[in-house]
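Colleague: Provided herewith is a single structure, encoded as structure tokens, for subsequent inquiry.
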Amino acid sequence: MEVTELFNDAFNYSARGIEKIVTLGVLLFGIIILGVISGLSVALSPILMFVLVLITIILALVVGFIFDGYGLSVIRDTIGQSEALPEFNWVENFVDGLKVLVLSIVYMIIPVIVAVIIAVIVGLSTGIASTISTTPNPAMFLALFTSYGIALAVIFLVFIVFGLIAIIAKAKLAETGRLGAIFEFEEIFAAIAKLGWINFIFLIILLLIIAVIIALAFALILYVPLFGLIVYLLVVPAFLLVFESRVIGLIYNEAK
């Protein structure tokens with residue numbers, strides 16, 4: 001599938017399912033309204049506010065899991081060659097959302113560990129350098145600045161690499177339904193190798209750019225007071241979720 005065909009397919013697919021997108025948008029909008037009510041309730045009773053805030057947090061987590069779970073179901077159906085948006089299965093969507101959370105945690109553990117180790121090393125080197133030199137030393141400052149720059153670059157690169165791997169791992173999870181599939185590194189790397197790392201990175205960058213363009217294009221409606229904000233919240237977050245999930249599924253199909 002050509003690049004333009006891939007993204008056109010994802011956009012048209014998302015546009016055809018506007019009813020389901022609005023349904024997801026209503027869930028999101030409901031949480032926002034509940035959050036606003038919770039904040040205003042402090043004028044009535046701090047206890048009432050605490051209860052409403054607690055309820056809002058719990059429901060926000062549930063809706064968040066359903067969001068992620070539905071995105072996973074879009075990837076799953078795309079891999080299965082479906083041309084229609086999946087039906088809602090609230091329990092399954094919730095459970096799938098939990099699986100996506102586990103995947104996110106697993107694939108962020110190593111980058112976070114690397115970041116902490118590098119931060120400790122750089123911190124120790126800075127402490128040693130400041131102890132040794134009690135007078136301003138341009139060479140020392142330059143060396144420290146360089147080490148900070150290299151450290152940040154390495155940390156950024158590690159997060160990017162694991163983020164890319166996590167995308168294919170998510171597709172594997174969608175395809176199999178097994179949480180253990182996110183640990184099948186040999187198959188995950190084989191899929192990326194078949195796509196080609198450069199081609200894969202190019203597609204993901206293009207996905208991010210197009211997603212930003214869509215969000216900015218829809219943002220024009222925000223110039224209509226209140227109504228524009230409501231429409232934006234009802235449509236844009238869910239539309240982007242479906243669009244991005246469809247693209248991931250199509251990319252994965254190219255690697256099969």
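The values are calculated or read from the model by the stated rules, or taken from the named source; none is laboratory data. Everything quoted here is computed from the prediction, not taken from an experiment. Glycine also receives a Cβ, built like all others from the backbone with ideal geometry; neighbour counts cover every protein chain displayed.
Colleague: Looking at S82, is it outside any helix (DSSP H, G or I), among the small types (G, A, S) and at pLDDT 75 or above?
Modeller: Numbers: outside any helix (DSSP H, G or I): yes; among the small types (G, A, S): yes; at pLDDT 75 or above: yes.
So S82 passes the test.
Colleague: Between L179, L233, which is in contact (Cβ under 8 Å) with a residue 40 or more places away in the chain, of a type in the set (A, V, I, L, M) and surrounded by 16 or more Cβ atoms within 10 Å (Cβ to Cβ)? It would help to see each step written out before you state the result.
Modeller: Working: L179 fails: surrounded by 16 or more Cβ atoms within 10 Å (Cβ to Cβ).
That would be L233, the only listed residue that is in contact (Cβ under 8 Å) with a residue 40 or more places away in the chain, of a type in the set (A, V, I, L, M) and surrounded by 16 or more Cβ atoms within 10 Å (Cβ to Cβ).
Colleague: Let me ask something else. Out of region 85-117, which residues are of a type outside the set (A, V, I, L, M) and assigned to a helix (DSSP H, G or I)?
Modeller: Narrowing region 85-117 to residues of a type outside the set (A, V, I, L, M): 86-90, 92-94, 96-97, 99, 104, 107, 111.
Residues satisfying the conditions are W90, E92, N93, F94, D96, G97, K99, S104, Y107, P111.
Colleague: While we're looking at this one, here's another question. Please determine whether any residue of region 235-245 is within 29 Å of T4 (Cβ to Cβ) and either outside any helix (DSSP H, G or I) or among the polar types (S, T, N, Q) (or both). Break it down into steps so the answer makes sense when it comes.
Modeller: Here is the first cut: in region 235-245, the residues within 29 Å of T4 (Cβ to Cβ) are 235-245.
Cutting the leftovers down to either outside any helix (DSSP H, G or I) or among the polar types (S, T, N, Q) (or both) gives us 245.
Within region 235-245 (the criterion being within 29 Å of T4 (Cβ to Cβ) and either outside any helix (DSSP H, G or I) or among the polar types (S, T, N, Q) (or both)), the answer is yes, since at least one residue qualifies.
Colleague: Being farther than 24 Å from T4 by Cα and surrounded by 15 or more Cβ atoms within 10 Å (Cβ to Cβ) is the filter here; which residues of region 188-203 pass it?
Modeller: At the first step, the residues of region 188-203 found to be farther than 24 Å from T4 by Cα are 188-190.
Result: I188, single match.
Colleague: Take I75 and tell me if it is modelled with pLDDT under 95 and part of a helix (DSSP H, G or I).
Modeller: Here the answer is no, as I75 does not meet what is asked.
Colleague: For F218, only one of the following conditions fails: (1) surrounded by fewer than 16 Cβ atoms within 10 Å (Cβ to Cβ); (2) assigned to a helix (DSSP H, G or I); (3) over 19 Å from the mean Cα position of the chain (by Cα). What is its number?
Modeller: Checking F218 against (1) surrounded by fewer than 16 Cβ atoms within 10 Å (Cβ to Cβ); (2) assigned to a helix (DSSP H, G or I); (3) over 19 Å from the mean Cα position of the chain (by Cα), the one that fails is (1).
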